[in-house]
Every structure is written in C-alpha cells, then in structure tokens.
Amino acid sequence: MIQILDRISGRKAGTITVLLSFVLFLSGCSTARNTAASRFYHAGVAKYNTWFNGKQAYDKAVLAQEKAKKDNMLEIPDMFAIGDDKVLSVGTSDFDIAIEKAQKSIKLHSITAKPKKKDQDRQSAKDKEWQNRNEYNPFLWNAWMLMADAQAHKGEFLEAAGTYSYIAKLYESQPEIAAQALSRMAWCYSRLDWFYEADELFTRSSGMKTARQTGLDMAALKASALISQERYEESIPYLEKAITRRHNSRANRMREHYLLGQLYKETGRYD
C-alpha cells in the first residue's frame with residue numbers, strides 16, 4: 001500500500017487514502033456486525049435517509065386530516081381526527097409512502113446480531129438487558145412506530161394493532177417503547193369495539209415505567225378511548241392530564257379545554 005501511494009502525487013494519494021479508509025469503515029458497519037460503529041452508522045442512515053422522507057410524508061398527511069375534520073361543537077367531539085371515519089380517506093398516498101419508507105429502513109438497517117458478551121460474573125442487570133435485546137439499532141423503533149401510526153391513520157386499525165403488538169414484543173425489555181406500543185394498540189382495539197381487550201392493554205401499559213411526557217401521551221389515548229364509549233366520568237382525569245402534554249399545539253389545547261368543559265357539563269360538574 002505504501003509503495004503504491006509513493007508513486008502517486010500527494011493530493012491524489014490523500015484522496016485515495018480517505019476513500020480506502022471510508023470503504024474499510026463501511027465494511028465494518030455491516031448489519032451482520034454489532035459494534036458501536038455499526039450501530040452509529042445505521043442509526044444515522046436510517047434516520048436521515050429513509051425514515052426522514054417517510055416522516056415528512058406522514059406529517060403532511062396528518063395535517064391534511066386535521067384540516068379535513070369538521071367538528072359539530074354542539075356535540076362532544078372526538079379528541080383525534082382519526083376518531084372520525086370521514087377523514088380516514090384523506091392523505092392515504094402519503095401514508096403509503098410513510099409505510100414504504102419505514103419498511104425500507106427496517107429492512108436495510110436492522111441489527112439483530114448479539115454484541116460481544118461480558119464475563120458472566122461482571123454482568124450487571126443493565127448488561128443483561130442489553131444482551132437480551134432483539135434489536136440493537138437505537139433509532140429503528142421510530143421506523144416501526146411510523147409504520148404502525150400510518151396504518152392507524154389510514155383506518156387500518158387491525159393491521160396497526162398487529163404492528164404495535166409486534167413492537168411491544170420486539171422491545172419488551174425497553175418499557176418506554178413497549179408501553180407506547182401497547183397503549184396505541186389499545187386505542188386501535190377501542191376503534192374496533194374490542195373494549196375489554198383495550199382496557200386490559202391500557203392497564204398493562206400504565207403499569208410500566210415511562211417518562212412523564214410518554215405518560216401524558218398515553219393518558220390522551222386512554223381519554224379518547226373512554227370518551228368514544230361515553231364513559232365521561234372516567235375520562236375526565238385522563239383528559240385533564242393529557243391537555244398539558246408538551247407537543248400539544250395551542251389550537252388543539254384550546255379544543256381539548258372546550259371538550260373538557262363539555263364533559264364537566266355532562267357529568268354535572270357545573271362549578
């Protein structure tokens with residue numbers, strides 16, 4: 001290698017060296033290998049290549065559904081646009097793109113090979129959890145969620161529930177992810193009128209340890225499911241919490257406050 005580079009001009013030699021180094025780096029980043037470099041590489045490519053384009057298509061379609069939804073404010077409205085069957089046909093082509101991009105991310109960037117194992121005596125509980133994972137690409141759960149969320153927004157609630165179920169199993173050692181999947185699966189069940197199964201899943205997911213914002217998102221799903229069943233008294237505490245979730249838009253927060261006022265009225269809480 002050195003003899004070859006000696007015969008090439010300095011600039012060209014430098015360029016070739018960089019290219020060869022890059023090729024060697026990529027060869028070490030195969031999904032068949034589970035190293036810090038391969039995880040970093042495939043997480044970045046999955047996020048900024050396929051997933052990013054799918055997420056943009058998904059966000060565009062969700063916004064179109066929000067605009068298409070027309071509430072009768074004399075009635076108790078749905079919390080989410082997809083609680084209204086009339087908007088489920090909106091944005092389908094963009095949701096299809098999101099599903100396709102999510103599937104491509106998973107196919108190209110999933111890392112399932114086990115990492116190098118520490119000595120048994122030196123393994124902590126965290127080490128054992130890491131060793132027992134089913135997926136090692138730290139970003140890929142976002143692609144799975146994108147696919148399931150797009151299916152739900154298309155009104156394919158059974159398909160979405162199946163995908164959420166798979167996510168919960170795939171990430172069962174990571175409660176932050178598994179709880180989100182189970183609560184969204186429960187919401188899909190409620191849209192299919194499988195209320196008993198939905199309640200079981202909501203109970204199961206609420207018992208998992210999650211970040212505060214995740215808990216508020218789950219509260220929003222539970223409130224929506226209870227409201228759709230006219231279980232207004234039960235839904236109020238969940239809606240009161242859900243309104244405060246960080247990424248809730250100002251317009252949606254106002255709408256949910258109005259909905260909360262309606263629920264207070266329905267349950268005789270005039271104060």
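The values are calculated or read from the model by the stated rules, or taken from the named source; none is laboratory data. Keep in mind that what you see is a predicted model, and the values were worked out from it rather than measured. Methodologically, a virtual Cβ is constructed for each residue, glycine included, from the backbone with ideal geometry; neighbour enumeration extends over all protein chains shown. Heads up: the accessible areas ignore ligands, DNA and RNA and are worked out on the full protein's heavy atoms, side chains in. Shrake-Rupley method; radii C 1.70, N 1.55, O 1.52, S 1.80 Å.
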Against the globular-protein guess of 2.2 N^0.38 Å, express the Cα radius of gyration of segment 147-237 as a ratio, rounded to two decimals.
1.00
Given labels modelled 7 Å from the Cα in the Cβ direction, how far is it in nm from LEU63 to THR244?
3.0 nm
Please report the carbon-and-sulfur percent of the accessible area for the chain; probe 1.4 Å, protein heavy atoms only, DNA, RNA and ligands left out.
55 percent
Distance histogram for the chain (every C-alpha pair counted, 10 angstrom bins, percent rounded to whole numbers):
6, 23, 29, 19, 11, 6, 3, 1, 0
Considering Cα pairs under 8 angstrom that are at least six residues apart, work out the relative contact order of the chain and quote it in whole percent.
15 percent
Which value, in debye to the nearest 20, gives the size of the charge dipole of segment 28-155 about its Cα centre, when Lys and Arg are +1 and Asp and Glu are -1 at the Cβ?
900 debye
Given the pairs LYS60/LYS126; LYS101/LYS126; LYS60/LYS86; LYS86/LYS222, which are separated by over 29 angstrom at their Cα positions?
LYS60/LYS126; LYS101/LYS126
Share (percent) of C-alpha pair distances in segment 79-236 greater than 26 Å works out to 33 percent
Counting only heavy atoms of protein chains, what accessible area per residue, in Å², does the chain have with a probe of 1.4 Å?
57 Å²
When you take every Cα atom in segment 186-259, what is the radius of gyration, and what is Dmax, the widest Cα pair distance, in Å?
12.1, 33
Let a ≥ b ≥ c be the square roots of the eigenvalues of the Cα gyration tensor of segment 51-116; is it rounded (a/c under 1.5), or, if not, prolate (a/b larger than b/c) or oblate?
prolate
Work out the charge dipole of the chain with +1 on the Cβ of Lys and Arg and -1 on the Cβ of Asp and Glu about the Cα centre, then indicate which of PHE202, ALA102, LEU259 is farthest towards its positive end.
ALA102
Set the Förster distance to 35 Å, then compute FRET efficiency between THR267 and LEU108 from the Cβ-Cβ distance, nearest 0.05.
0.10
Rounded to whole Å, give me the distance from the Cα center of segment 152-198 to that of segment 83-118.
14 Å
